[in-house]
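Each remark here refers to the structure printed beneath this line.
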């Protein structure tokens with residue numbers, strides 16, 4: 001629960017989006033089957049199905065969504081693996097708002113408001 005809340009808090013404050021939480025990997029897959037998500041923030045370590053299994057399901061079912069993986073596992077092999085499965089990017093825990101915001105802007109998913 002703490003990881004989900006910290007990821008939510010790292011989203012840009014002025015980004016008006018609906019957020020759906022999944023308590024485990026199976027819930028995440030069920031949500032992906034029933035609804036379109038433009039972006040998934042995916043933890044690699046979850047009960048019932050891990051993030052790699054979810055990335056494999058996304059690929060298998062051809063669900064169109066951007067995925068940013070969040071993990072404390074910073075091994076280069078894991079980063080390479082999730083990227084090869086279609087992840088857009090990889091963020092180390094804890095999620096920092098600046099890093100997430102920069103990734104969202106880099107891929108055109110969010111543009112910070114210009115202050116006059």
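None of the figures in this text is laboratory data; all of them are computed from the coordinates on show. Just so we're clear, the structure is a prediction, and the values are computed from it rather than from any experiment. Neighbour counts are summed over all protein chains in view; Cβ atoms, including those assigned to glycine, are modelled from backbone coordinates with ideal geometry.
Each 10 Å bin, from zero up to the one with the longest distance, holds this percent of the alpha carbon pairs of the range 1-115: 13, 49, 34, 4, 0. Relative contact order, whole percent, for the chain stands at 25, derived from Cα pairs under 8 Å and 6 or more residues apart. Centre-to-centre separation between the Cα atoms of the range 79-101 and those of the range 2-71: 12 Å. In plain terms, the residue of 49, 106, 83 with the fewest other Cβ atoms within 10 Å comes first and the most crowded comes last, giving 106, 83, 49.
Per the helix-only calculation at 222 nm, which mean residue ellipticity applies to the chain, given -39500 (n - 2.57) for every DSSP H run of n ≥ 4 and division by its residues, nearest 500 deg cm²/dmol?
Values: 5 runs with 49 residues, N = 116.
About -12500 deg cm²/dmol.
Report, to the nearest 10°, how far helix 25-34 tilts away from the longest principal axis of the Cα atoms in the chain, using its own Cα long axis and a range of 0 to 90°. Taking the Cα atoms of the chain, the angle to 25-34 is about 70 degrees.
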